[in-house]
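Heads up: the structure comes next, in structure tokens.
Where a number appears in this text, it was derived from the coordinates with a stated rule and is not lab data. Owing to the predicted nature of the structure, the values given are computational and were not obtained by experimental measurement. Glycine also receives a Cβ, built like all others from the backbone with ideal geometry; neighbour counts cover every protein chain displayed.
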């Protein structure tokens with residue numbers, strides 16, 4: 001399974017179109033919140049609401065099943081104090097709710113790690129990073145219940 005994972009695009013729907021054009025073979029396009037566009041401008045993407053999105057338009061959480069894995073898709077702004085990521089809080093939430101992995105956003109910081117046995121993936125932001133690094137997204141591959149992630153930058157969309 002090939003997944004293009006993005007977050008925090010903040011109204012930049014043209015980057016979503018570029019992603020679909022550049023990676024037409026993806027099985028899933030997932031947006032982890034703060035998309036700030038209507039569903040018709042997010043065509044092809046599974047989107048969860050971020051703190052700046054309307055919960056009436058997009059769900060607060062979504063679940064992706066991949067083999068025996070249960071993956072939570074959530075912006076996770078309700079698990080942080082401010083924008084500082086709290087990876088332990090995200091992992092605790094996942095354990096409590098029976099997830100193996102979490103795809104999340106909000107911090108605008110790329111992260112690929114495992115905390116308390118939970119795989120945590122944050123693709124960063126294709127709008128603006130908070131650490132002055134390049135704008136990022138991920139290509140996630142799941143095969144035989146193994147998750148691999150590849151860091152990509154906005155330059156990879158040119």
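Here are the numbers for the structure shown:
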item: Candidate values (i) 15.2; (ii) 18.8; (iii) 16.3, label of the one derived for Kirkwood radius over Cα pairs in Å; result: (i)
item: Beta bridges by DSSP in the chain, antiparallel share as percent, to the nearest 5; result: 65
item: Residue exposure sequence - 137, 45 - by fewest surrounding Cβ within 10 Å; result: 45, 137
item: Contact order normalised by residue count of the chain, Cα under 8 Å, 6+ apart, percent; result: 23
item: Order of 78, 112 - criterion: other Cβ atoms within 10 Å of each residue's Cβ, fewest first; result: 78, 112
